[in-house]
Every structure is written in C-alpha cells, then in structure tokens.
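Participant: Got a structure for you, written out below as structure tokens; questions coming shortly.
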Amino acid sequence: MGNHAVAVVGGTGPQGKGLALRFARAGHQVVVGSRSAERAQETAVLIQGRAGRNVDVRGLDNRAAVAAADIALLAVPWAGHRELVTDLAPELAGKLVISCVNPLGFDRHGPYGLAVEEGSAAEQAQQLVPGAVVVGAFHHLSAVTLWEEDGLLDHEDVLVCGDDQAAKDRVVDLAATITGRPGIEAGPLRNARQLEPLTAVLIGINRRYKTRSGLAVSGIPA
C-alpha cells in the first residue's frame, strides 16, 4: 500500500483526531480539516506532539483540506451532515470519500440508531456527491483508544462496505494502518444501514462493562 494524502473532515473532533494520528504515524500525508483553519492547525500541532516523531500533518479549513488530498474521510457529527457535505461537494467530486459517520440519538435508555431518509449517512453522502466514490469504514473504533493507545489495535477489525471494488480495496488496505491487518469487506454501501447504528450497541456495552469494546470477526483466515 502506497502513501496517501488524507483529508480528515472533522479532524478536530475525537474520532477524526484519533484517525488522523493513526494515518500520520503510518506515513500518510494528513490534512486536518475544520470549519476553522486555526482550530485545524492547533490540532495538527497536537498530533505532531502525540506522534512522538516527525509526521506530515497540517491543518486547513475543510474546503482547502479536501482540495489538498486524494482521500477525504468524513468524521463529522450527524447533525449538519447534509449541509456540510453539500457545501463541500465541488471539492469531494472525483475523490474517494470514506464515511465513518454514525447517525445516533440518545435518550434515557441510551444510544440508538436514527432513521435516515437515504438509508445511511454513507448513502446520503453518495447521493449528495454522485461524482465521488463513497466507502463506509472505521465506524466502530473507539476515539479514546485511537488517541491514547500507541500500538496497533490488533484485537479489532475494520468493516468496509461500498459499491466500487477498487475503492473498497484501497480502504481495506488503509485499515491495516489501524489494526495491522486488512479490513474486512462487508458488502455493498447499503450495508452501512446496519454498520452505522451498530455503534450504539458498542456504546451501550462500554457503559455497562466500563470498557472500550470493539468488533472482531471470527472465521476469517489470517
């Protein structure tokens, strides 16, 4: 797997920051994106300090970050997702877009998956930017674990869904940046309808058992 230029849209949030750190450590060029270029640059400096070595990471506003990369990862809250993706559509067109957005609600019983008109956040992004190739991945990784632990998360798997095989192959390879092994193909993009709300189950498990749970798929040869 060669090195990529990866824009992390929402890179100042917990999930985005953790994924940006992991990609940078693996030798990829990382552009942290935020609505505020100043906040993005502050996060880039934090990542450089956390990485413990020289890494290629900088911070820009979301539009400039996407324009500077060949892969764009959406790590943004569900609230405002439609508006943000619509605004960035010109820059996202023609790129590989990875969505790890989880449309979740919370009430007194805990987290739950929200109904999405298009089926899932990933499918909404694909409809909003038909010129991009959208792949769903990295939904179930703990933001705290990504940021605080130094080693590979070799006890977890990254599930990858999408309709374009070449794009899925790139993301399957990129997943090894996090876990040390390729991601697992999880079917077409419509399967994001199951993957995204599954995050609510993991959050509930974490609360019940005071842990940071993840997913590992058995029966797949190493």
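Participant: Can you pull out every residue in segment 164-193 that is small (Gly, Ala, Ser) and touching a Gly at 6+ places or on another chain (Cβ under 6 Å)?
Facilitator: Selection gives Ala175, Ala192.
Participant: Can you find, within segment 172-220, the residue that is surrounded by the fewest Cβ atoms within 10 Å (Cβ to Cβ) among those that are of a type in the set (Asp, Glu) and in contact (Cβ under 8 Å) with a residue 40 or more places away in the chain?
Facilitator: Checking each candidate, the answer is Asp173.
Participant: Let me ask something additional. Taking Val144 as the residue in question, decide whether it is touching a residue at least 60 places away in the same chain (Cβ under 8 Å), surrounded by fewer than 16 Cβ atoms within 10 Å (Cβ to Cβ), in a loop (DSSP other than H, G, I, E, B) and β-branched (Val, Ile, Thr).
Facilitator: no
Participant: Within segment 169-200, take every residue that is aliphatic (A, V, I, L, M) and outside any helix (DSSP H, G or I) and give me the one that is farthest from Leu159 (Cα to Cα).
Facilitator: Filtering segment 169-200 for residues that are aliphatic (A, V, I, L, M) and outside any helix (DSSP H, G or I), the one farthest from Leu159 (Cα to Cα) comes out as Ala175.
Participant: Next question. Can you find, within segment 152-168, the residue that is nearest to Lys95 (Cα to Cα) among those that are modelled with pLDDT of 95 or more and part of a loop (DSSP other than H, G, I, E, B)?
Facilitator: Among them, the one singled out is Asp164.
Participant: All but one of (1) out of contact with any Pro (no Cβ under 8 Å at 6 or more places or on another chain); (2) assigned to a helix (DSSP H, G or I) hold for Ile203; which doesn't?
Facilitator: Only one criterion in (1) out of contact with any Pro (no Cβ under 8 Å at 6 or more places or on another chain); (2) assigned to a helix (DSSP H, G or I) is unmet by Ile203, namely (1).
Participant: On the basis of being of a type outside the set (D, E, K, R) and within 23 Å of Arg170 (Cβ to Cβ), does Leu96 make the cut?
Facilitator: So Leu96 passes the test.
Participant: Being of a type in the set (Gly, Ala, Ser) and over 13 Å from Glu156 (Cα atoms) is the filter; apply it to segment 201-221 and report the residue that is farthest from the chain's Cα centre (by Cα).
Facilitator: For segment 201-221, the residue satisfying everything is Gly219.
Participant: What strands (runs of 3 or more DSSP E), lying completely within segment 1-116, carry at least 2 residues that are of a type in the set (Gly, Ala, Ser), crowded, with 18+ Cβ neighbours inside 10 Å and touching a helix residue (DSSP H, G or I) at 6+ places or on another chain (Cβ under 7 Å)?
Facilitator: It comes to 29-34.
Participant: Separate question: Sort out which residues of segment 1-25 are under 16 Å from Leu73 (Cα atoms) and either at pLDDT below 95 or β-branched (Val, Ile, Thr) (or both), and write them in order of number.
Facilitator: Of everything in segment 1-25, those that are under 16 Å from Leu73 (Cα atoms) and either at pLDDT below 95 or β-branched (Val, Ile, Thr) (or both) turn out to be Asn3, His4, Val6, Val8, Val9, Thr12.
Participant: Is it the case, given these coordinates, that Val135 is under 29 Å from Leu46 (Cβ atoms) and either outside any loop (DSSP other than H, G, I, E, B) or hydrophobic (A, V, I, L, M, F, W, C) (or both)?
Facilitator: So Val135 fits the description; yes.
Participant: Right, next: If you scan segment 36-58, which residues turn out to be under 17 Å from the mean Cα position of the chain (by Cα) and not aliphatic (A, V, I, L, M)?
Facilitator: Passing the criteria: only Thr43.
The values are calculated or read from the model by the stated rules, or taken from the named source; none is laboratory data. Given the structure is predicted, the values throughout are model-derived calculations rather than measurements. Because the Cβ atoms are built from the backbone with ideal geometry, glycine has one as well, and the counts that use them run over all protein chains shown.
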